[in-house]
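Asks: Attaching a single structure in structure tokens format; questions to follow.
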Amino acid sequence: MIIALPVILQGPVRPNFAQGPRSLSALKLLRLSVTDRCNLRCMYCMPQQGVEFAPKSDSLSPKQIIAVAHAAVDIGVTHLKITGGEPTVRPDLLEITRGLSALKPADLSMTTNGLSLHRQATQLKDAGIDRLTISWDSLQPRRLARIAGAALATDSSQVCYDRGMKLLEQLQQGFDAAISAGFKKIKINTVVIGNVNDDEVADFARLTLENDWTVRFIEYMPLGDSQLTANYDQSPSTVDNQLIIRRIESVFGSLIPVNRDKEAGVGPAEVYRIQNSTGRIGFISAMSQPFCETCNRLRLTSKGELRACLFDGGEVDILPALYPSPDPRKLVELMRQCVLEKPEVHSIRGNRSMSQLGG
Ligand code: SF4
């Protein structure tokens, strides 16, 4: 039974928020976490021992994921992003990609840790991925192994080095394969962790001198249960991006603002470039400068939860709209409910881990 809502010509005076993130019209991006599984154990994402992954049977099928994206595209979502966990560990990723690409979004991108790109880059490009974002948190082998959870504190320096070098080689092969497959304007996500890799920001920025890439420095966000959330109150690992900017400028001079519209995607990064550089540098400062008033996204977890916010706040179970078969009208109604759950500003900590939400 359709309830005919009375048309209210003059509603209560509401903060402009009403037309903001709590309205479907503000939605531009749907992030699709196609799995919570991953082949890494990043210290800012998981505890050292890893997490218990959801049973594979709990994961949405390709048909269901595509149906949710279809409903989103029908109400004006223009950008779709595939995330994880690590999406490349999902065996039917190409089937999902082809289905999403067939919806003809303005942009279909994927965030990956890059370790399987040397095998999959061409297939992903052919299946319809337009752009890649690759996570890369250190240029130093031992440190990368530690951050990615590929080596433990108890492992010998040589073991750390060997495992880190293997990760760097796989990343390098992944970049080469992505470039040969025709991916342009690759984005690199670097999570800056205080007293771990924050001394490498100038080295990462240097990658943009000759490469048409965007290196994005992400302030560490204490989400869920990870090695860094354990004692976050005692030693917060978040480094204010203003400090990162000063460090980069102390090496390369003043950064030049770049009009965000010139940057691919609809992300929240503040974008700059170094004088005479080919690439750009971005800053995602969710902790020091929350950007909730311009939030334009929803997240779908691999188990069928629609998330209003990366941190806390609303979650809507969409399984009732997917069984016995996907119902587009119910899906849109649940999206409408979910955007209303967006907090005015996000909480300090998040109640779910990165691997479950896809960042
Ligand atoms: S941050 Fe990404 S790559 Fe690292 S463990 Fe989490 S899901 Fe995997």
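Asks: I'd like the Karplus ³J(HN,Hα) series for the stretch 257-263: coefficients 6.51, -1.76, 1.60, θ = phi - 60°, whole numbers in Hz, and an x wherever there's a Gly or Pro.
Replies: Listing the rounded values in order: x, 10, 4, 4, 5, 7, 8 Hz.
Asks: Given the Cα-Cα distance of Leu103 and Asp74 and 0.36 nm per residue of separation, how much length would full extension add, in nm? Show your work: numbers first, answer last.
Replies: On the way: separation 29, 0.36 × 29 = 10.44 nm, distance 0.93 nm.
Difference between extended and current length: 9.5 nm.
Asks: Please name whichever of Ile188, Leu223, Leu30 sits farthest to the positive end of the charge dipole of the chain, dipole taken about the Cα centre and charges placed at Cβ: Lys and Arg +1, Asp and Glu -1.
Replies: The listed residue farthest towards the positive side: Leu30.
Asks: Please give the FRET efficiency for Val332 paired with Asp126, using the beta carbon to beta carbon distance and R0 = 30 Å, rounded to the nearest 0.05.
Replies: Details: r = 31 Å, r/R0 = 1.04.
After rounding to 0.05, the efficiency reads 0.45.
Asks: In terms of Cα to Cα distance under 12 Å, which aspartates and glutamates are near enough to Lys262, apart from those fewer than 8 places away along the same chain?
Replies: Of all the aspartates and glutamates, those that pass the test against Lys262 - Cα under 12 Å, at least 8 places apart if same chain - are Glu270.
Asks: Also: Out of Pro47, His70, Gly267, whose Cα points farthest toward the positive end of the dipole of the chain (charges: +1 Lys, Arg; -1 Asp, Glu; placed on Cβ)?
Replies: His70
Asks: Please tell me which of these pairs span more than 24 angstrom C-alpha to C-alpha: Lys125/Lys342; Lys81/Lys330; Lys28/Lys330; Lys63/Lys342; Lys185/Lys342? Write out the running numbers ahead of the final one.
Replies: Numbers: Lys125/Lys342 34 Å; Lys81/Lys330 22 Å; Lys28/Lys330 19 Å; Lys63/Lys342 27 Å; Lys185/Lys342 31 Å.
With Cα atoms farther than 24 Å apart: Lys125/Lys342; Lys63/Lys342; Lys185/Lys342.
Asks: Under the Karplus relation 6.51 cos²θ - 1.76 cosθ + 1.60, θ = phi - 60°, what is the ordered set of whole-Hz ³J(HN,Hα) values for the stretch 134-139, x standing for Gly and Pro?
Replies: Whole-Hz 3J(HN,Hα) from phi for the stretch 134-139: 10, 7, 8, 10, 7, 9.
Asks: Oh, and also: Return the long-range amide H neighbours of Asp312 (sequence gap of 5 or more, or a different chain), with a cut-off of under 5 Å between placed amide H atoms.
Replies: It is Ser347, Asn351, by chain and number.
Asks: What percent does the relative contact order of the chain come to when contacts are Cα pairs within less than 8 Å and at least six residues apart? Please report the intermediate quantities before stating the final value.
Replies: Values: 724 pairs, mean separation 79.5, N = 359.
Averaging sequence separation for qualifying contacts and normalising by length gives 22 percent for the chain.
Asks: Would you work out the charge dipole size for the stretch 6-357 about its Cα centre, treating the Cβ of every Lys and Arg as +1 and the Cβ of every Asp and Glu as -1, and quote it to the nearest 20 debye?
Replies: Details: 41 positive and 38 negative charges, 130 e Å.
Using Cβ point charges on Lys, Arg, Asp and Glu, the stretch 6-357 gives about 620 debye.
Asks: In whole Hz, with x marking every Gly and Pro, tabulate ³J(HN,Hα) for the stretch 113-128 from phi via Karplus 6.51 cos²θ - 1.76 cosθ + 1.60, θ = phi - 60°.
Replies: Karplus values, whole Hz, x for Gly and Pro: 7, x, 6, 10, 5, 4, 9, 10, 3, 5, 4, 5, 4, 5, 6, x.
Asks: Something else about it: Which percent of the accessible area of the chain is formed by carbon and sulfur heavy atoms (probe 1.4 angstrom)?
Replies: Roughly 53 percent of what the probe reaches on the chain is carbon or sulfur.
Asks: Still on this structure, please answer the following. With every protein chain kept in place and ligands, DNA and RNA left out, what is the accessible area per residue of the stretch 6-357? Probe 1.4 Å, answer in Å².
Replies: On the way: 15580 Å² over 352 residues.
Accessible area per residue: 44 Å².
Asks: Taking only C-alpha pairs under 8 Å that are 6+ residues apart, what is the relative contact order of the stretch 162-271 in percent? It would help to have the intermediate numbers written out before the result.
Replies: On the way: 87 pairs, mean separation 26.5, N = 110.
Relative contact order of the stretch 162-271: 24 percent.
Asks: So how much slack lies between Glu344 and Val251, counting 0.36 nm per residue of separation and subtracting their Cα-Cα distance, in nm?
Replies: Values: separation 93, 0.36 × 93 = 33.48 nm, distance 3.71 nm.
Fully extending the segment from Glu344 to Val251 adds 29.8 nm.
Asks: Using the alpha carbons of the stretch 46-161, what is the convex hull volume per residue in cubic angstrom, as a whole number?
Replies: Spelled out: Cα convex hull of the stretch 46-161, divided by residues, is 125 Å³.
Asks: May I ask you to compute the full-extension gain from Val159 to Ser57, defined as 0.36 nm times their residue separation minus their alpha-carbon distance, rounded to one decimal in nm? Provide the component values of the computation, followed by the final result.
Replies: Working: separation 102, 0.36 × 102 = 36.72 nm, distance 3.59 nm.
The Val159-Ser57 span can extend by a further 33.1 nm.
Asks: Please report the antiparallel percentage of DSSP beta bridges with both residues in the chain, rounded to the nearest 5.
Replies: Working: 11 of 43 bridges.
Restricted to the chain, the bridges split so that about 25 percent are antiparallel.
Asks: Moving on. Report, in debye and to the nearest 20, how large the dipole of the stretch 79-124 comes out about its Cα centre when Lys and Arg carry +1 and Asp and Glu carry -1 on their Cβ. Each step should come with its number before you reach the end.
Replies: Values: 5 positive and 4 negative charges, 14 e Å.
Here the stretch 79-124 has a charge dipole of around 60 debye.
Asks: Let me ask another. Can you tell me the equivalent ellipsoid semi-axes for the stretch 250-316? Use √(5λ) from the Cα gyration tensor, largest first, whole Å. Intermediate values should be presented prior to the final figure.
Replies: Numbers: eigenvalues 195, 33, 19 Å².
In descending order the semi-axes read 31, 13, 10 Å.
Asks: Using modelled amide H (1.01 Å from N, peptide plane; none on Pro or chain starts), what sits under 5 Å from the amide H of Ile188, excluding residues fewer than 5 places away?
Replies: Long-range HN contacts for Ile188: Ile134, Thr214, Val215, Arg216.
Asks: Using Cα atoms only, what is the angle between the long axis of helix 157-180 and the major principal axis of the chain, expressed in degrees (0 to 90) to the nearest 10?
Replies: The angle comes out at about 60 degrees.
Asks: Moving on to the next point. Roughly how many debye, to the nearest 20, is the charge dipole of the stretch 184-226 about its Cα centre, given +1 on each Lys and Arg Cβ, -1 on each Asp and Glu Cβ, and no other charges?
Replies: Working: 5 positive and 8 negative charges, 70 e Å.
Computed charge dipole of the stretch 184-226: roughly 340 debye.
Asks: Among Ser101, Pro320, Thr278, whose Cα lies farthest out toward the positive end of the dipole of the stretch 6-357, if unit charges sit on the beta carbon of Lys, Arg (+1) and Asp, Glu (-1)?
Replies: The Cα lying farthest towards the positive end belongs to Ser101.
Asks: Amide H to amide H under 5 Å from Asp107: which residues, 5+ apart in sequence or cross-chain, H placed 1.01 Å off N in plane?
Replies: Hits under the 5 Å cutoff: Leu80.
Asks: Still on this structure, I have one more. Divide the volume of the convex hull of the Cα atoms of the chain by its number of residues and quote the answer in cubic angstrom per residue.
Replies: Normalising the Cα hull of the chain by residue number yields 144 Å³.
Asks: Unpartnered cysteines of the chain (Cβ-Cβ under 4.7 Å counts as a partner)?
Replies: That list is Cys38, Cys160, Cys292, Cys295, Cys309, Cys338.
The values are calculated or read from the model by the stated rules, or taken from the named source; none is laboratory data. Because the structure is predicted, anything quoted here is derived from the model rather than measured. Glycine also receives a Cβ, built like all others from the backbone with ideal geometry; neighbour counts cover every protein chain displayed. Note: accessible area is taken over every heavy atom of the protein model, side chains too, but ligands, DNA and RNA are not part of it. Shrake-Rupley method; radii C 1.70, N 1.55, O 1.52, S 1.80 Å.
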